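What follows is a single structure, written as structure tokens, with notes after it.
No lab work stands behind these numbers, since they all come straight from the coordinates. Keep in mind the model is a prediction, meaning the values are calculated, not measured. Don't worry about glycine lacking a Cβ; one is built from the backbone with ideal geometry, like all the others, and counts go over all protein chains shown.
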Amino acid sequence: MSLIPQLNGFSIKNNNWHAEDVSLANIAQEFGTPTYVYSRKALTDAFNAYEAACLRPNGDRRARVHYAMKANSNLAILNVFAKLGAGFDIVSAGELARVLAAGGSPDKVVFSGVGKSKAEMVAALQAGVKCFNLESIPELTRLNEVAGSLGIKARISLRVNPDVDPKTHPYISTGLKGNKFGIAYDDVIATYQAAAKMPFCEIVGIDCHIGSQITEISPYLDALDRVLHLITALNGVGIKIRHLDIGGGLGISYTNETPPAITDFANTLLNHIEAKGYGHLEVLFEPGRSLVGNAGLLLTTIEYLKPGETKNFCIVDAAMNDLMRPAMYEAYHAIVSINDKSASPEVTYDIVGPICESGDWLGRDRPLKVAQGDQLAILSAGAYGFTMSSNYNTRGRAAEVMVDGSTVHLIRERESIESLFANEKILPA
Ligand SMILES: *Cc1c(COP(=O)(O)O)cnc(C)c1O
């Protein structure tokens, strides 16, 4: 049995899978495959689930969402969130340019990442971002120099490595001692003291981010307690912290995982901060996956069914270049036939792409009732799907559409083959 996550925005109506009010079969016919399909309603509902905790009943704000856009940075998605009032968490100057192009406001941007270049610092200072989340003394030193050369004061926060185990996949766990991320817990105070001496850096916050696809709340509470302790210690040495950025990482259900509901999760953390006496702090969340993961799927067409000696293969027109997570993390995505009542017999398949790599698989041992030419939907593909896609095997990246009620908007054209080598040059004769 393949288990299907609870979805909002995608459902079976009259035996056919739909995105909101549009059948996936119609989308496949109009836009071709592979195509990423997003639901505006699912995006909006996920954002509002955070907002429900971020706003007090009297309308006062106690926290703000900064969407970690590396999860999905299509301009239409950023624009949906910007209109809802989101801030953004960026990790490059490229992402900053996307925020600005999508109508986001730079004063709600936090700039994370372990390796910011000088040019990226210049761009972010000139745009006037809310805060730089810094991770080392050399980075602090460089930012102070760059800000000084522009005559601008940079608002900064230091990313603490709280050394807690988020109990997730090692590639997406970031808050343990062995990770490249953050400032070692024991060095945090001294690093803030160094920052306090830098004339072009203004200390405004403290941040942490312990990992991704976290399905339990306890690692967050552990991390929070350790960071709150630091805030008090910093206050003791005369360093005032105005905002606390808890990072992202809340998991989603890909199959049978049961992460806390978004509003409960956010309320638990915010109530914990208040109960410990830190209710005066401005709190930031940086969710990525939990806002977009289950708001998108990847639509693909079956090219061939290939019986093998020990396995049956279902070869589809999407591949690891379109959705890297299975190949990279052995991640599970539920895969369904978009026609729920197919007359084909049920067979167990490995769903694989056309790429010349054995790692090119999208799902293993999946019972499906399908025939050549049918379409499949690879569910929960809204986060780290398109943004991690590549042109490997000179395959153009997929089209992306957003469904809003009964309307389908093309939000990224399928890449043409010519565009894939348009920047390349043959040597002179
Ligand atoms: C990736 C990342 C996030 C978002 O993580 P999700 O698991 O997608 O919620 C938030 N903050 C930082 C610093 C990140 O690197």
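Sticking with the crude label model, points 7 Å out along Cα→Cβ, report the distance from SER406 to GLU216 in nm, one decimal please.
Here the answer is 4.8 nm between the modelled labels.
From the phi angles alone, apply the Karplus equation (6.51, -1.76, 1.60; θ = phi - 60°) to the range 301-315 and give each ³J(HN,Hα) in whole Hz, x where the residue is Gly or Pro.
10, 7, 7, 8, 10, 10, x, x, 5, 10, 9, 9, 10, 10, 9
What distance in nm separates the simple spin-label points at LEU150 and LYS369, each placed 7 Å from Cα in the Cβ direction?
6.0 nm
Return the calculated 222 nm mean residue ellipticity for the chain, to the nearest 500 deg cm²/dmol, obtained by summing -39500 (n - 2.57) across DSSP H runs with n ≥ 4 and dividing by the residue count. Intermediate values should be presented prior to the final figure.
Working: 12 runs with 120 residues, N = 429.
Computed mean residue ellipticity for the chain: -8000 deg cm²/dmol.
Which ³J(HN,Hα) values in Hz, rounded to whole numbers, follow from the phi angles of the range 316-322 under the Karplus curve 6.51 cos²θ - 1.76 cosθ + 1.60, where θ = phi - 60° and Gly and Pro get x?
Computed from phi, the couplings for the range 316-322 are 10, 8, 9, 8, 4, 6, 7 Hz.
Taking the dipole about the Cα centre of the chain, with the C-beta of Lys and Arg at +1 and of Asp and Glu at -1, give me whichever of LEU297, LEU230, LEU379 is farthest to the positive side.
Final value for the positive-end residue is LEU230.
Between ILE137 and LYS13, what FRET efficiency follows from the Cβ-Cβ distance if R0 is 51 Å, with the result rounded to 0.05? Write out the running numbers ahead of the final one.
Values: r = 57 Å, r/R0 = 1.12.
Once the sixth-power term is evaluated, E becomes 0.35.
Compare the peptides 295-303, 264-272 by average per-residue count of other Cβ atoms within 10 angstrom and give them in order, highest first.
So the peptides 295-303, 264-272, ranked by packing, come out 295-303, 264-272.
How far apart, in nanometres, would the label points at ASN256 and GLU330 be if each is projected 7 angstrom from Cα along the Cα-to-Cβ direction?
1.8 nm
What is the set of long-range amide H partners of GLY363 at a cut-off below 5 Å, with H atoms built 1.01 Å from backbone N?
ILE351
Would you mind checking the pairs LYS83/LYS118; LYS70/LYS197; LYS108/LYS276; LYS108/LYS197 and listing those with alpha carbons more than 29 angstrom apart?
Flagged as over cut-off: LYS83/LYS118; LYS70/LYS197.
Cβ under 15 Å from ALA53's Cβ, ALA53 left aside: what net charge do those residues give with Lys, Arg +1 and Asp, Glu -1?
Net charge around ALA53: -3.
Which order do the peptides 85-91, 423-429, 33-39 take when ranked by the mean count of other beta-carbon atoms within 10 Å per residue, highest first?
33-39, 85-91, 423-429
With an 8 Å Cα cut-off and a minimum separation of 6 or more residues, compute the relative contact order for the chain in percent.
20 percent
Mind checking the full-extension length gain between ASN391 and PHE313? Use 0.36 nm per residue of separation minus the Cα-Cα distance, one decimal, nm.
25.8 nm is the gain from fully extending ASN391 to PHE313.
Among the helices of the chain (complete DSSP H runs), which have Cα atoms covering no less than 24 Å along the helix axis and a Kyte-Doolittle mean of at least 0.0? Intermediate values should be presented prior to the final figure.
Working: long enough: 218-236 (27 Å, 0.44).
The qualifying helices are 218-236.
Working out 0.36 nm times the residue gap between GLU274 and GLU303, then minus their Cα-Cα distance, what length gain in nm do you get to one decimal? Write down the numbers at each step before the final one.
Numbers: separation 29, 0.36 × 29 = 10.44 nm, distance 5.56 nm.
Once the chain is fully extended between GLU274 and GLU303, it gains 4.9 nm.
With point charges of +1 on the Cβ of Lys and Arg and -1 on the Cβ of Asp and Glu, referenced to the Cα centre of the range 112-287, which listed residue (PHE181, ILE217, TYR192) lies farthest in the positive direction of the dipole?
Among PHE181, ILE217, TYR192, the one farthest towards the positive end of the dipole of the range 112-287 is TYR192.
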